[in-house]
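This report refers to the structure that appears directly beneath it.
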């Protein structure tokens, strides 16, 4: 009995000792500058989320947050850097939908999504908008399809790279419409938009937050949105379901990750503060104009979502034999 009591006491003491570092870290974190890696060039969807959000996060956390754009290879270069970083809460990663599908198209990634990175939260989601340059002689989805059928592969579409939501959505659209389109990949959303605005490519599936200013300014035509319901920021633009594509429902998203092994208390802190910031009036006003919807889910929920997204698009990627060597 005495031995059991001594063992129980020792176990309790060791448990307290094990929890002490995490507790102490939670009390002092953060005490230095934090790096927020955006694995895409400036001007894209992810960068557009990071720029207004991080200053507010900095105020909440009481430390400076430096945004570093590390673009290239569909976001895998910047992601690999974060995967190798110390799991201390001072290096985080902001990604979007391509993150979940990159393992399906890059045969030799320098990291493992599940083993090397810890989900924090899916921050926001929004539909994509099927945009066309004014020079394209089509003002509806049906007219675009008719044009593409007359001259196969004559319609080019821009993306931020293979496996991104605008790439896979365009391929899904082409398959369902029975047409062939020409894929023009770019290193990020900024360069892709520039060429679309310049008429160097014909169409693009672009997140609503980035598409709306171009549509309102009359620089691009909005033919449809990819969500099941119309977007409140573009109430006059029909959905693809309304345009004859049954069950077509695609949402782009942005999420936060950290190096695997980052203490749960820090992941939870980022999740809580992110949710608070995303629901601030100034952010809500911005989101309403951009057609964004706040998600702010938990690490477990985000982990399940990433798995579902990978499974969802994996079959299409395999069917189309999309791979980067």
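Just so it is clear, none of the values below were taken in a lab; they were calculated from the coordinates. What you see is a predicted model; the values in this text were computed from it and never measured. Because the Cβ atoms are built from the backbone with ideal geometry, glycine has one as well, and the counts that use them run over all protein chains shown.
Over the Cα atoms of region 127-225, each weighted equally, I'd like the Debye log10 I(q)/I(0) at q = 0.12, 0.16, 0.18, 0.25 Å⁻¹, rounded to two decimals.
-0.31, -0.57, -0.73, -1.54
Quickly estimate the mean residue ellipticity at 222 nm for the chain, helices only: each DSSP H run with n ≥ 4 gives -39500 (n - 2.57), and the total goes over all residues, rounded to 500.
On the way: 12 runs with 152 residues, N = 325.
Value at 222 nm, helices only: -14500 deg cm²/dmol.
Any chance you could give the angle, 0 to 90 degrees and rounded to 10, that helix 264-278 forms with the longest Cα principal axis of the chain?
It works out to around 40 degrees.
Testing the spin-label approximation: label points 7 Å from Cα along Cα→Cβ at residue 153 and residue 115. State their distance in nm.
Calculated label separation equals 4.0 nm.
Can you tell me the relative contact order of the chain? Whole percent, Cα pairs under 8 Å, sequence separation 6 or more. Kindly include the intermediate steps, with their values, before the conclusion.
Working: 623 pairs, mean separation 83.7, N = 325.
After rounding, I find 26 percent.
Which whole-number percent gives the relative contact order of region 90-232, counting Cα pairs below 8 Å spaced six or more residues apart? Mind showing how you got there, number by number?
Values: 194 pairs, mean separation 49.7, N = 143.
Once normalised by length, the contact order is 35 percent.
Angle check, please: helix 45-61 long axis (alpha carbons) against the longest principal axis of the chain (alpha carbons), in degrees 0 to 90, nearest 10.
30 degrees
Going 7 Å from the Cα of residue 247 toward and past its Cβ, which residues in region 158-188 have a backbone nitrogen under 14 Å from where you end up?
Label zone hits: 176.
Between residue 135 and residue 187, with labels modelled 7 Å along Cα→Cβ, what's the label distance in nm to one decimal, could you check?
2.4 nm
What whole-number distance in Å separates the alpha-carbon centres of region 205-260 and region 50-65?
27 Å
Could you compute the FRET efficiency for residue 260 and residue 200, with r as their C-beta to C-beta distance and R0 at 51 Å, rounded to 0.05?
Once rounded, the FRET efficiency stands at 0.80.
Please give the Cα centre distance for region 289-311 versus region 154-192, rounded to the nearest Å.
Each part reduced to its Cα centre gives a spacing of 22 Å.
With everything on Cα atoms, drop me the angle between helix 2-28 and the longest principal axis of the chain, reported from 0 to 90° to the nearest 10.
50 degrees
Where both partners of a DSSP beta bridge lie in the chain, what percent of those bridges are antiparallel, to the nearest 5?
Here the share of antiparallel DSSP bridges comes out near 60 percent.
Which percent, nearest 5, of DSSP beta bridges in region 127-225 are antiparallel?
About 60 percent, rounded to the nearest 5.
What FRET efficiency comes out for residue 273 versus residue 321 if R0 is 45 angstrom and r is the Cβ-Cβ distance? Round to the nearest 0.05.
For residue 273 and residue 321, the calculated efficiency is 0.60.
Could you tell me which label, among (1) 44, 26, 15; (2) 44, 38, 15; (3) 41, 21, 17, carries the value of semi-axes √(5λ) of the Cα gyration tensor in Å calculated for this structure?
Matching entry in (1) 44, 26, 15; (2) 44, 38, 15; (3) 41, 21, 17: (3).
Please compute the contact order of region 172-325 in relative form: average sequence separation of alpha-carbon pairs under 8 Å and at least six residues apart, divided by the residue count, as a percent.
Working: 95 pairs, mean separation 27.3, N = 154.
Relative contact order here is 18 percent.
Report the full-extension gain for the segment residue 175 to residue 308: residue separation times 0.36 nm, less the Cα-Cα distance, to one decimal in nm.
This chain segment gains 45.7 nm when fully extended.
Stretch residue 219-residue 63 to full length: gain in nm at 0.36 nm per residue minus the Cα-Cα span?
Fully extending the segment from residue 219 to residue 63 adds 52.2 nm.
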